[in-house]
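The values are calculated or read from the model by the stated rules, or taken from the named source; none is laboratory data. This is a predicted model, so every value here is computed, not measured. Cβ atoms come from the backbone with ideal geometry, glycine included; neighbour counts cover every protein chain shown.
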Amino acid sequence: MSLTSPSRAFTETWPPDAVPERPVRVYLGLGTNLGSRSDNLEQAIAAVSETDGITFQTRSQAIVTEPWGKTDQPAFLNAVIGVDTVLSPSALLARCLEVEAGMGRIRAEKWGPRLIDIDVLTYGFYRVNGDGLTVPHPHMTERDFVMEPLLEIAPHLTPLITRTQGV
């Protein structure tokens, strides 16, 4: 399977368990609102970056944002990183969940406070639909805490996301 071109962005589907022939650029959204938020982001970025099959490329500045969904909780610190990976989308998601669990994340309530959250925002220019994984992330265009840092490091995605997500 070859990688799609930007002109066909987010129109082709990538199987969740398919391993790419060459690295795919992926953007991951990170957020934290418990403990030392800055340290949490750094620890998560390091853990993801040190994973076999993932090569760190870029990161946004961290931004402080108000909670989304459930608002009676502390403010978040959010960032987006760009990595190249040869992991399948499912394996990438599994690694993100492993990093969260390793850092002590407990999923007590939807949109509740969290030590760390790592979301797969994009996987190349593909759509991915699998167990617990929808890419592009279905709510990213509704969330300034995702879009602001994402477009800081990937401004080329603006027209693609606008066209395919209806921003």
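For TRP111, the criteria (1) in contact with a Lys or Arg (Cβ under 7 Å, 6 or more places away or on another chain); (2) surrounded by 21 or more Cβ atoms within 10 Å (Cβ to Cβ); (3) modelled with pLDDT under 85 hold in every case but one, which is (2). Scanning the stretch 146-167 for residues that are surrounded by fewer than 13 Cβ atoms within 10 Å (Cβ to Cβ), at pLDDT below 80 and not small (Gly, Ala, Ser) gives PRO159, THR162, ARG163, VAL167. Report yes if some residue within the stretch 101-117 is in contact with a Ser or Thr (Cβ under 6 Å, 6 or more places away or on another chain) and part of a helix (DSSP H, G or I); otherwise report no. No. Of the set (1) within 16 Å of the chain's Cα centre (by Cα); (2) surrounded by 16 or more Cβ atoms within 10 Å (Cβ to Cβ); (3) closer than 19 Å to ASP117 by Cβ, all apply to SER88 but (3). Only one of the numbered conditions (1) among the polar types (S, T, N, Q); (2) assigned to a helix (DSSP H, G or I); (3) closer than 15 Å to LEU30 by Cα is violated by SER90, and that is (3). Could you list, in sequence order, the residues of the stretch 10-41 that are assigned to a loop (DSSP other than H, G, I, E, B), among the charged types (D, E, K, R) and either free of Cβ contacts under 8 Å to residues at least 60 places away in the same chain or in contact with a His (Cβ under 9 Å, 6 or more places away or on another chain) (or both)? The one that is assigned to a loop (DSSP other than H, G, I, E, B), among the charged types (D, E, K, R) and either free of Cβ contacts under 8 Å to residues at least 60 places away in the same chain or in contact with a His (Cβ under 9 Å, 6 or more places away or on another chain) (or both): GLU21.
Do you know which residues across the stretch 92-106 are of a type in the set (A, V, I, L, M) and free of Cβ contacts under 8 Å to residues at least 40 places away in the same chain? Selection gives ALA94, LEU97, ALA101, ILE106. The residue that is surrounded by the most Cβ atoms within 10 Å (Cβ to Cβ), counting only those in the stretch 42-77 that are assigned to a strand (DSSP E or B) and touching a residue at least 60 places away in the same chain (Cβ under 8 Å), is PHE76.
Total residues in the stretch 141-156 satisfying the condition of being free of Cβ contacts under 8 Å to residues at least 12 places away in the same chain and touching a Leu at 6+ places or on another chain (Cβ under 8 Å): the figure is 1.
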